[in-house]
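Visitor: Structure below; questions to follow.
What follows is calculated from the coordinates using simple rules that are stated; it is not laboratory data. Just so we're clear, the structure is a prediction, and the values are computed from it rather than from any experiment.
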Amino acid sequence: MAAPRLTKTQQLLGHMRTGRWDRALSLAKTFRRLGHHRDTIRLAHECRVWPEFYRSLGRDPEAAVAAGIAALIQLYPKETQL
């Protein structure tokens, strides 16, 4: 018998609980309903994947990724509490 499939939200929450922020940002960027956090999360993912490109545009990739992680924590605060 196959294991039950996890929803994308369940997968995201699992990545957040285990601190796999690269995977969490990658998955979250595909969500349609992120509200005002949408652009922040998408930019965070892009900056994580192509940091040199964004540096050449005058952006700080590390700050963008930190902002994306903060946005995920705001969207799902219970998942990051100890």
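Visitor: For K8 and D60 in the same chain, what is the full-extension length gain: residue separation times 0.36 nm, less their Cα-Cα distance, in nm? Intermediate values should be presented prior to the final figure.
Guide: Working: separation 52, 0.36 × 52 = 18.72 nm, distance 2.87 nm.
Fully extending the segment from K8 to D60 adds 15.8 nm.
Visitor: A follow-up question, please. Report, in degrees rounded to the nearest 10, the 0 to 90 angle that the Cα long axis of helix 61-75 makes with the longest principal axis of the chain.
Guide: Helix 61-75 sits roughly 30 degrees off the main axis of the chain.
Visitor: Another one. Could you state, as a whole-number percent, how many of the C-alpha pairs of the chain are farther apart than 14 Å? Intermediate results must be reported in sequence, preceding the final value.
Guide: Values: 2034 of 3321 pairs.
In whole percent, the share of Cα-Cα pairs in the chain beyond 14 Å is 61.
Visitor: Stick to Cα atoms and the Kirkwood definition of Rh, then tell me Rg/Rh for region 1-41. All intermediate terms of the calculation are to be shown ahead of the outcome.
Guide: Working: Rg = 11.6 Å, Rh = 11.0 Å.
My calculation puts Rg/Rh at 1.05.
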